[in-house]
Each structure stands twice: as structure tokens, then as C-alpha cells.
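> Just dropping this structure here.
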Amino acid sequence: MKIIAADVLVTCPGRNFVTLRIQTEEGIYGLGDATLNGREMAVVSYLREHVVPCIIGRDPFETEDIWQYLYRGAYWRGGPVTMTAIAAVDMALWDIKGKALNTPVYNLLGGKSRNRVLVYGHANGVDIAETSDEVAKYVALGYKAVRAQTGIPGLSSTYGVAQEKLYYEPAATGLPPENLWSTEQYLLHVPKLFERLRLTFGDDLHLLHDAHHRLTPIQAARLGKSLEPHHLFWLEDAVTAELQEGFRIVRHHTTTPLALGEVFNSIWDAHILITEQLIDYIRMTIVHSGGITHLKKIAALAEIYHVQTGCHGATDLSPISMAAALHFDISIHNFGIQEYMRHTKETDDVFPHAYYFADGYLHPGDKPGLGVDYDVKLAERFPYARAYLPVNRKLDGTMWNW
Ligand code: CS2
Ligand code: MG
């Protein structure tokens, strides 16, 4: 087979998505998600100017060599823009491979290790009562696992709490909105949320929480300890992890399971966390960590160290990413859980797909390739609109992590 063309498509059905479409001489095309929330056009340019010229003429079956060529050949290695661009190429090539062999991609990744993929939804509310009501809605939808985020008394805004409940999307047009933050108020309030949720929903429901990079290691240790009676499925992104060793402090103090990695881009961002067993779930996702080819290697390393996967699956990852994640999730041995923030109907119309939700699980479907498509005509009706993720400041004005 031979790649003869590749185009980078941008659409904004309520939020921006970037899609790479690779065409072959045989008429088969593949799709890859290239969306990097708030920095979309950096990836568009990287793909159009620097990657596409190099893949024309290549055999799309050569996924490993093309990955190595794009990773090593860039000289300037890694980072979110580069690895998102490589991921988009990789996803599209696996899509082509599956279509050419007339089989779902999971059959090329080892076949099914399970028949369905456990997912979690996002419940959020301005206060504990509303958050509890939102959790109840997810339970009623059949979810077995729910992430809960609540407003913090005295703070006008915080991560994970939005007007729109089912389709939470943090990016906004215009310049970055400014959030305010108080770690002290947060640490006092969150344990009360999970005490209420356990009293209301009992012990069987998997409960998750995202601290969204906002704590120091010892603060994360304190939060982990305070949540132990409520036995969370995981506490996510407790601390930013440029300093991977920082998690030795958290790990030393608490048995609350730790999840990390949605902002990571390669195994080098997590190899200490994994090999020292400082985390329980690796959150790296196909679109931001180099694609299926690289994430398979990360999962294989993680398996040796008792670390399971928990791929990121927010609204800013397109249905192509969700489809690719499900083929990955259903095939690897050490699958943990898949995040599933629903896309709007507008988005689903642009990206028709075979995967479906049933009774708390997602199923990838059994279409050849990734089982997702792209309606070019409909997509053109939604022009790109620059949008930013919020920024976050402490109450004294100090810039902090959003
Ligand atoms: C969050 C994300 O889903 C999560 O766990 O951390 O919603 C994250 O805030 C967005 O993907 C950022 O674009
Ligand atoms: Mg997160």
C-alpha cells in the first residue's frame, strides 16, 4: 500500500477538533485525532508543514518505522505538540491497516481480553447536595463508576464544576478565564463530599476524584489519608508530576489509589512513577502520547509493575480518540478503566462511530479499522474558533495550576 495524500481538517461543533485524514493509492483512508485543547493550531501547523510531506509515498502498514522516523527524525523530541501530531498519524495508520485487513483494530493488538470496557462519567455540582444529585443521574444511566467534583465554599469557580452537566467543556472563546483557588478550603471540603456520597450510594459504586494538579506532595498525602475511609477508585492528578519522585512522599502516607498522566506525552514522563510503583493507574491517552504504537509499549511496562491503565477521555478528545482508546482498552491485559465524557450530538454527527454505551460499559463495535468516520461537509459548517483553557490563581493572586 502507499500513502498518496494527507489533509488536516479543523472543525468546531461546539468545541475545536483537529483531524488528520490519510489517503492511500488503494482508496482506503485513515483518521487520526490531533486535538490539543487550547493549542490546536500549533498541531495543525506541525502536521501540515513538517509531518505530511515526510509520509507521502510511505507504506501505511509500517507503523513502527513511521513512528520511529517521526519521533527520532524530528531531533527535537517529545512534548505535547509533537506527540499529538505523531499520535494522529499513528491512529490513522492503524485505521488503514484494520480497514485493509477487514478487521477491527483490536484484532491487530492481541484480540479481545474482555468483552466490554468499564467507564466512568463526570458528576459535578456547585455544592455537595447538587453533586450528589448529579451522581444519582449517572447511576440511573447505568454507570458503575462516577467521578465527583464539587464547588468549594467561598470560591466563585473551580475545576470540574460547570453549568453544563453532561457535556462539561472547560475551554472558552476569548482570552483565558481566570479561576480562583484555595487549597486550604479545598482540603477541608472534599472529604465531606465523599462522606456524603458513601452514605448516599453505599460501598459498591466506584467513586473517583480529580485534584487537577493543585496540591503539593504533603497536601496530597493529607487528602489521600482523609479519603481512605471512603475507599475511592482513584485520586487523580494530585500533584503536577514534572518531579516524578515527589510521589514517593504521597505514596508513603496513603493507600488511596493514585492516577496520573493525562498531560504526559511519552514513557519518559512516567518511567519512575511506574517502575517505583508510585501510582496505580496511568492516565496517558492515545492522542497526546504518540498513538497506539507508543501507548502499547507504556501499557506493557506498566503491566510488569502492577500499574493499570485509565485513559483520559474528556470532551476535548474527539470520538476518533475514544474509538482508538476502546480498541486499545479491550485488548491490553492491564486495563483499569476508561474515562467517558460524552460528546454533544453535534460532535457525534460530525464523527459517526460504531462504539456504544450500555449498562456502564463502552463497546468498540466490530467495524474494520477504528470504526469512526468524519463528515467533511457537515464539519465545514463549524469553523475554528480560538479557545483557551482557564488559568488559575491563588486568592493572593499567585499564578497556580488550573
Ligand atoms: C480532566 C480534563 O477529564 C479530566 O480528567 O483533567 O477534563 C481536562 O481538564 C481537559 O481534558 C483539559 O482540556
Ligand atoms: Mg484529569
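We did not get these values from a lab; they are worked out from the coordinates using the rules stated. Treat the numbers as computed from the prediction; the structure is a model and nothing was measured. We place every Cβ from the backbone using ideal geometry, glycine too, and count neighbours over all the protein chains shown.
> Check cross-link reach from LYS394 to the aspartates and glutamates: straight Cα distance under 19 Å, and skip same-chain residues fewer than eight apart.
The reachable aspartates and glutamates, counting only those whose Cα sits under 19 Å from LYS394, are GLU178, GLU184, ASP210, ASP237.
> GluC sites (Glu not before Pro), restricted to region 113-208: which are DSSP loop and have at most 16 other Cβ atoms within 10 Å?
Numbers: sites: GLU130, GLU134, GLU164, GLU178, GLU184, GLU195; in loops: GLU164.
When the GluC sites (Glu not before Pro) of region 113-208 are filtered for loop state and at most 16 Cβ neighbours within 10 Å, GLU164 remain.
> Still on this model: With 10 angstrom as the radius, rank VAL43, VAL52 by how many other C-beta atoms surround their C-beta, starting from the fewest. The partial results should precede the final answer.
Values: VAL43 27, VAL52 19.
Exposure proxy ranking, most exposed first: VAL52, VAL43.
> Of SER156, SER318, SER289, which is the most mobile in a GNM of the chain whose springs link Cα atoms less than 10 angstrom apart?
Comparing SER156, SER318, SER289 in the GNM, the peak value goes to SER156.
> Let me ask you something else. When the Kirkwood hydrodynamic radius is evaluated over all pairs of different C-alpha atoms of the chain, what value in angstrom, to one decimal, is obtained?
Numbers: mean 1/r = 0.0469 Å⁻¹.
With all distinct Cα pairs of the chain included, I get 21.3 Å.
> Within region 38-86, report the trypsin sites (Lys or Arg not before Pro) that DSSP leaves as loop and that have at most 16 other Cβ atoms within 10 Å. Could you put the intermediate results ahead of the total?
Working: sites: ARG39, ARG48, ARG58, ARG72, ARG77; in loops: ARG39, ARG58, ARG77.
Here the sparse-neighbourhood loop sites are ARG39, ARG77.
> So what does the Cα-only Debye profile of region 3-104 read at q = 0.18 Å⁻¹, as log10 I(q)/I(0), no solvent term?
-0.79
> Taking a 26 Å limit on the Cα-Cα distance, which of the listed pairs LYS112/LYS225; LYS144/LYS345; LYS112/LYS137 fall beyond it? Mind dumping the intermediate values first?
Numbers: LYS112/LYS225 37 Å; LYS144/LYS345 23 Å; LYS112/LYS137 30 Å.
As for pairs spanning more than 26 Å Cα to Cα, those are LYS112/LYS225; LYS112/LYS137.
> If I fit a long axis through the Cα atoms of helix 183-201 and take the longest principal axis of the Cα atoms of the chain, what angle between them do I get, 0 to 90°, rounded to 10?
It works out to around 90 degrees.
> Hey, another quick one. Return the single residue from ILE218, ILE274, ILE286 with maximal mean-square fluctuation; model: Gaussian network over the chain, springs between Cα atoms under 10 Å.
ILE218
> Same structure again: Region 281-384: which trypsin sites (Lys or Arg not before Pro) are DSSP loop and have at most 13 other beta-carbon atoms within 10 angstrom? Walk me through the intermediate numbers first.
On the way: sites: ARG283, LYS296, LYS297, ARG342, LYS345, LYS377, ARG381; in loops: ARG283, ARG342, ARG381.
Here the trypsin sites (Lys or Arg not before Pro) that fit, given the DSSP loop and packing criteria, are ARG381.
> Relative to the longest principal Cα axis of the chain, at what angle does helix 319-331 sit, 0 to 90 degrees, rounded to 10?
80 degrees
> For the residues ASP280, ASP359, ASP59, what sequence is obtained by ranking on other C-beta atoms within 10 Å, fewest first? All intermediate terms of the calculation are to be shown ahead of the outcome.
Working: ASP280 21, ASP359 9, ASP59 13.
Ranking ASP280, ASP359, ASP59 by Cβ neighbours within 10 Å, fewest first, gives ASP359, ASP59, ASP280.
> Rounded, prolate or oblate for region 264-365? Axes are the square roots of the Cα gyration tensor eigenvalues, ordered a ≥ b ≥ c, and the cut-off for rounded is a/c under 1.5.
On the way: a/c = 2.33, a/b = 1.88, b/c = 1.24.
Prolate.
> Angle, helix 80-100 long axis vs. longest principal axis of the chain, Cα atoms, 0 to 90°, nearest 10?
It is inclined by approximately 60 degrees.
> Counting other C-beta atoms within 10 Å, which of MET322, MET341 has the fewest, and how do the rest follow? Provide the component values of the computation, followed by the final result.
Working: MET322 31, MET341 20.
Ascending Cβ contact count within 10 Å gives the list MET341, MET322.
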